[in-house]
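The values are calculated or read from the model by the stated rules, or taken from the named source; none is laboratory data. Just so it is clear, the model here is predicted, and its values are computed rather than measured. Every residue, glycine as well, gets a Cβ built from its backbone with ideal geometry; the counts of neighbours run over all protein chains shown. Accessible surface is based on the protein model in full, side chains and every heavy atom, while ligands, DNA and RNA are left aside. Shrake-Rupley method; radii C 1.70, N 1.55, O 1.52, S 1.80 Å.
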Amino acid sequence: MAGNKTGTDQNPAYPFPLPDEAEARAALVLGLRRRGVGAREVLAAIERVPRRLFLSARHHGLAYEDAALPIECGQTVSAPSLVAFTVQALGLAPDHSVLEIGTGSGYQSAILAHLAARVETLDRFATLTDLATSRFAALRLENVKARHMDGLEGLKLKGPYDRIVVTAAVETVPDAWVQSLKPGGLLIAAIGKAKRPQSLIRFHKSENVMTAEHLMSVRTVMLQPGLAKKL
């Protein structure tokens, strides 16, 4: 896999592993396989990443349930099945560069880091960016960088990217994202309106033409513009 050295649950930043944590991760992966996630490298990455590290202590017991859970700044970490299906749909190769819009807890970012050469992840909350950076360091993931930035503006200076993935919904794809995607690249984002079912769409860029493919229906928060004034 493409990710750099990874730590273990014995890392000082993660000192109290659950006795049955390995079994819980294996059971999660088995459940994902039964739900149709067939990419072995994606399942292996999910099994390697300790989701518990990305949650507050009161939610550790639910870390390997297939459910979205609350995190800091009033945000959520997506259910593992949504992460798995999304990452699988990206069709990542070990030499790919990835831009993630919406770092959140950093859980999906860490999985991406095991599958791609370089991951840049953006979030409007400084708190989330700082926490994710600490988690990446604890796992010794050296090929992923969290940045406190407005995701709607993208990150042109480090692009273009082979893949772009968005963890919140937008009504339309910003031109900045299109310009940041390499020809032949893929972009996955939920498209729709707030508080309504949205369509998770995989866009393919051919020269300057974007074609769209519906993957599934989802319901997620809308991506907000600008940097958060607090947190």
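Assess whether Thr129 counts as being hydroxyl-bearing (Ser, Thr, Tyr) and farther than 18 Å from Val83 by Cα. It is true that Thr129 is hydroxyl-bearing (Ser, Thr, Tyr) and farther than 18 Å from Val83 by Cα.
Among residues that are modelled with pLDDT of 95 or more and open to solvent by 70 Å² or more (accessible area, probe 1.4 Å), Glu41 is included.
What about Leu181, is it of a type in the set (A, V, I, L, M, F, W, C) and over 20 Å from Gly104 (Cβ atoms)? Judged against the criteria, Leu181 is a match.
Counting the residues of the stretch 178-231 that are of a type in the set (Lys, Arg), under 29 Å from Gly74 (Cα atoms) and surrounded by fewer than 18 Cβ atoms within 10 Å (Cβ to Cβ) gives 6.
In the stretch 38-52, the condition of being part of a loop (DSSP other than H, G, I, E, B) and closer than 18 Å to Asp20 by Cα is met by at least one residue. Checking each residue in the stretch 44-72 for being within 17 Å of Ala113 (Cα to Cα) and open to solvent by less than 60 Å² (accessible area, probe 1.4 Å) picks out Ala44, Ala45, Ile46, Val49, Pro50, Arg51, Leu53, Phe54. Taking the residues in the stretch 129-163 that are in contact with a strand residue (DSSP E or B) (Cβ under 7 Å, 6 or more places away or on another chain), within 14 Å of Ser109 (Cα to Cα) and among the small types (Gly, Ala, Ser) as candidates, determine which candidate is surrounded by the most Cβ atoms within 10 Å (Cβ to Cβ). Checking each candidate, the answer is Ala132. Among the residues making up the stretch 105-128, those that are part of a loop (DSSP other than H, G, I, E, B) and either open to solvent by 10 Å² or more (accessible area, probe 1.4 Å) or touching a Pro at 6+ places or on another chain (Cβ under 8 Å) (or both) are Leu115, Ala116, Ala117, Arg124, Phe125.
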